[in-house]
Amino acid sequence: MVFGGVPEERIQFNEDTLWKGQPHCYDRPDAGKFLGELRQLLREGQVEDAERLARAHFLSDPIRQKAYQPFGDLRLHFIGLGNVTDYHRELDLDSAVARVTYHANDVTFQHEAFASYPDQVIVLRITGNQPGHVSLTLKMDSPHKISQTKAIAPDTLALTGQVEEGGVRFESRLRVLNTGGRVTTDDQGITVEKADAVTFLLTAATSFKSFQDISADPAQRCAAVLDALNRRSFDALRAAHFADYRRLFERVSFNLGSTARAALPLDQRLQKAEDLGLAGDPALATLCFQFGRYLLIASSRSGGQAANLQGIWNDLLTPPWESKWTTNINLEMNYWPAEVTNLTECNGPLFDLIDDLVVTGHHTARTYYGCSGWVLHHNTDLWRATAPINNIEGIWPTGGAWLCDHLWQHYLFTGDKEFLAHRAYPAMKGASEFFLDFLTKDPKTGWLVSTPSYSPEQGPLTIGPTLDHQLIRALMEHTVQAAGLLDIDHDFAAKLSEVCRQIAPNQIGRYDQLQEWLQDIDRPNNNHRHMSPLWALYPGSDITPADPLLFAAAKKLLTWRGDGSTGWSYAWRITLWARVYDSDEAFRQLSGLISHQMLPNLFDQCGKWFQIDGNFGATAGIAELLLQSQLVAPGRREWTPEIDLLPALPKDWPTGSVTGLCARTGIEVDMAWADGTLTRVVLRSKLGTPCRLKYFGRTLDLETEAGREYRFDGCLQPTP
Ligand code: FUC
């Protein structure tokens, strides 16, 4: 986080494996003994007794998970600056560089900072447009009690420490490269006098190797990173960063035109969005869209941890909700934009996390439920906790089923059979095995139900929340489809199909609403932030206009829920309204999110805290307004995606263009429109699958060849 201050600048930095705690299994060894009684009490309607029993015996040990930690701060003091004018601060999304420029003492100064994925360093350069004017002191410190800073070479400071006794150890190193002037270093910091320019290279590491092992040497890791740079120039470092970042970022462009408001600083633009509406500043919507993509590239790259509640940008020792991974919406929402906005590689850390959860979740499945396979409840942390936490709302066993949907969707978007066979299918199969054992027969209806559970995060402890059944059904259906594609596990797949048919179906209640629970107890004025029973509308795809009654019931519930509250709850509503093709309502939720829940740097909020899910959800929501793709005939070997072009284009965006959005299965889409009407479509087929294009009542069935491009006008007529 580059705060951009002058003459006092603070750069707060993190490393994504710095967490409280240490390798630990959160499962309570005797929890399973109480499962039978818990289920029995719920069956008898003794809900309070069930909740009491659950609180006493069924939650994890300890009851809360561990927190993600801030690492350290660079504190720069610019010497003798005098009067500062023409101050300007920006984050350039086209190059992922934070910049500050200003004028002082007849010199124009510039600070540039970027975090390089290929070189694993943060680079900060300070220049003046006249020689000999860069003078500053720099200190490096950490909010952790067990920490100290030392000069370890004439040009290098090291910050070392440990989060807690027996916990994760850490080190960061800062190296200075100066052009002209004088540099002195001691344990207090670095002083630069009268340089033409100065560059700082910052790297950081911890002792974390895996959730089971924290024995790495952070000093050695830092040294290896700095050695590998081998005195490369600032220009070379920046070129490597640009190449890496732009390869991802430039895959998608989005343009809605611009108005005078786009020239205002963000705080004023947000104020105008609040006062006058979002309609007068379409470029703010495109900015939010691209900011979400920037944030995903910046916080979720191969080899790192998945983006947590604060992405990577937490500066508190006791962050809200521990800045961990909440799996009853938040972690998943972080990854909603990954496939559709052409950042499929950014899923890597999420998939690595799932690999670990399969291991720890196996123990929880056995210990709590006596089931095979693996289970995850509503949160996890660096130690891959999978047991129910906090309170009874933690007793929600379908977090793993939801995460498996990301594995399956990755296959649908990319057609990567290797991935399906070796990463996705084993995890999906394990999760399915869990539910084969876990589901129990409801004596009244004969349906298979999920118990005990909780509809996120609306009590009480219950039997069979709608969300669970939607997730388990989707998981099992996809596992059957995957087994078919891989031509394996035929008997297992047949069994899954059989069980799947017996799971309690979606229920339509007395107000014609989609029910959240097995009982018809929904309240029309319930505008809860969670949209759980609408999972099958988005991100799932089980509720479609093909079943008009259910589709209408889902829309009824969506209408009841009203406007968002937290940022992420607005974002989920954008995607849902997009799926019922209501662009006005979707736009209203997007406007609410941007004008009520975004901080002046565009970070999304949950309550009064920064929480990144709404940023990612906004990006995914905007994509959903422009392009939707569903499989028409899942279950058959040959699948045809139906690609809906501009299915919910807001009327306030009459003219625009987008390039590089991704549709299932392996099709990239560019579109342009004017006066609210499609004018041009370009498809690029990566896998050679057939598809059906849809736009405003028109359809076009198209066979494609891998690697070829197809162009059409707004009437879906081929053009040269
Ligand atoms: C879920 C939400 C809260 C918050 C938390 C991190 O529990 O219900 O609003 O986002 O996650």
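The values are calculated or read from the model by the stated rules, or taken from the named source; none is laboratory data. The structure displayed is predicted, hence computed values, not measured ones. Virtual Cβ from ideal backbone geometry, glycine too; neighbours counted across all protein chains shown.
Taking the criterion of being within 12 Å of the ligand (Cβ to nearest atom) and either basic (Lys, Arg) or not in a helix (DSSP H, G or I) (or both), the residues of the stretch 551-569 that qualify are Gly564, Ser565, Thr566. Only one of the numbered conditions (1) in a loop (DSSP other than H, G, I, E, B); (2) within 16 Å of the ligand (Cβ to nearest atom); (3) hydrophobic (A, V, I, L, M, F, W, C) is not met by Trp572, and that is (1).
If we only count helices (runs of 4 or more DSSP H) wholly inside the stretch 270-370, which ones have 1 or more residues that are in contact with a Cys (Cβ under 7 Å, 6 or more places away or on another chain) and not β-branched (Val, Ile, Thr)? Correct list: 282-299, 336-340, 348-369.
Flag set for Leu420, criterion: away from the ligand (no atom under 16 Å from the Cβ) and of a type outside the set (Asp, Glu). When the stretch 664-700 is filtered for residues that are touching a helix residue (DSSP H, G or I) at 6+ places or on another chain (Cβ under 8 Å) and among the small types (Gly, Ala, Ser), only Gly666 remains. Looking across the stretch 325-354, the residues that are more than 9 Å from the chain's Cα centre (by Cα) and either at pLDDT below 95 or within 16 Å of the ligand (Cβ to nearest atom) (or both) come down to Trp325, Thr326, Thr327, Asn328, Ile329.
Within the stretch 660-671, no residue that is assigned by TED's automatic domain parsing to the domain that holds Trp408 sits with its Cβ atom under 8 Å from a residue that is of a type outside the set (D, E, K, R) and in a strand (DSSP E or B) at 6+ positions apart or across chains. Could you say whether any residue in the stretch 270-283 is surrounded by fewer than 22 Cβ atoms within 10 Å (Cβ to Cβ), in contact with an Asp or Glu (Cβ under 8 Å, 6 or more places away or on another chain) and within 30 Å of Asn14 (Cα to Cα)? Within the stretch 270-283, not a single residue is surrounded by fewer than 22 Cβ atoms within 10 Å (Cβ to Cβ), in contact with an Asp or Glu (Cβ under 8 Å, 6 or more places away or on another chain) and within 30 Å of Asn14 (Cα to Cα).
If a residue must be hydrophobic (A, V, I, L, M, F, W, C) and either part of a strand (DSSP E or B) or modelled with pLDDT under 95 (or both), how many such residues does the stretch 688-720 contain?
First, the residues of the stretch 688-720 that are hydrophobic (A, V, I, L, M, F, W, C): 691, 693, 696, 700, 702, 706, 712, 715-716.
Keeping just the survivors that are either part of a strand (DSSP E or B) or modelled with pLDDT under 95 (or both) gives 691, 693, 696, 700, 702, 712.
Of the residues in that region, 6 qualify.
Among the residues of the stretch 185-241 satisfying the criterion of being outside any loop (DSSP other than H, G, I, E, B) and of a type in the set (S, T, N, Q), which is farthest from Ser147 (Cα to Cα)? Don't jump to the end; show me each part of the working.
From the stretch 185-241, those outside any loop (DSSP other than H, G, I, E, B) are 185-186, 189-195, 197-206, 210, 213, 218-229, 234-241; that's our starting set.
Narrowing further to those that are of a type in the set (S, T, N, Q): 185, 191, 199, 203, 206, 210, 220.
Working: Thr185: 19, Thr191: 21, Thr199: 25, Thr203: 16, Thr206: 13, Ser210: 23, Gln220: 17 Å.
By that ranking, first place goes to Thr199.
Within the stretch 510-550, take every residue that is small (Gly, Ala, Ser), away from the ligand (no atom under 16 Å from the Cβ) and in contact (Cβ under 8 Å) with a residue 40 or more places away in the chain and give me the one that is farthest from Tyr454 (Cα to Cα). Checked the stretch 510-550; the qualifying residue farthest from Tyr454 (Cα to Cα) is Ser541.
Within the bounds of the stretch 101-108, is there any residue that is closer than 25 Å to Ala240 by Cβ and either out of contact with any strand residue (DSSP E or B) (no Cβ under 8 Å at 6 or more places or on another chain) or crowded, with 20+ Cβ neighbours inside 10 Å (or both)?
Let us first name the residues in the stretch 101-108 that are closer than 25 Å to Ala240 by Cβ, namely 101.
Checking which are either out of contact with any strand residue (DSSP E or B) (no Cβ under 8 Å at 6 or more places or on another chain) or crowded, with 20+ Cβ neighbours inside 10 Å (or both) leaves us with none.
No; the residues of the stretch 101-108 include none that is closer than 25 Å to Ala240 by Cβ and either out of contact with any strand residue (DSSP E or B) (no Cβ under 8 Å at 6 or more places or on another chain) or crowded, with 20+ Cβ neighbours inside 10 Å (or both).
Of the residues making up the stretch 322-352, those that are aromatic (Phe, Trp, Tyr) and in contact with a Phe, Trp or Tyr (Cβ under 8 Å, 6 or more places away or on another chain) are Tyr335, Trp336. Scanning the stretch 405-431 for residues that are among the small types (Gly, Ala, Ser), more than 15 Å from Val375 (Cβ to Cβ) and surrounded by 23 or more Cβ atoms within 10 Å (Cβ to Cβ) yields one hit, Ala424. The single residue among Trp396, Trp402 that is of a type in the set (Phe, Trp, Tyr), closer than 15 Å to Leu357 by Cα and surrounded by 21 or more Cβ atoms within 10 Å (Cβ to Cβ) turns out to be Trp402. Scanning the stretch 241-275 for residues that are over 18 Å from His88 (Cα atoms), among the small types (Gly, Ala, Ser) and touching a helix residue (DSSP H, G or I) at 6+ places or on another chain (Cβ under 7 Å) gives Gly257, Ser258, Ala273.
Which one is farthest from Met333 (Cα to Cα) among residues in the stretch 485-521 that are acidic (Asp, Glu), surrounded by fewer than 19 Cβ atoms within 10 Å (Cβ to Cβ) and in contact with a helix residue (DSSP H, G or I) (Cβ under 8 Å, 6 or more places away or on another chain)?
So in the stretch 485-521, the residues acidic (Asp, Glu) come out as 487, 489, 491, 498, 512, 516, 520.
Narrowing further to those that are surrounded by fewer than 19 Cβ atoms within 10 Å (Cβ to Cβ): 487, 489, 491, 498, 512, 520.
So of that shortlist, the ones also in contact with a helix residue (DSSP H, G or I) (Cβ under 8 Å, 6 or more places away or on another chain) come out as 489, 512.
On the way: Asp489: 31, Asp512: 28 Å.
Result: Asp489.
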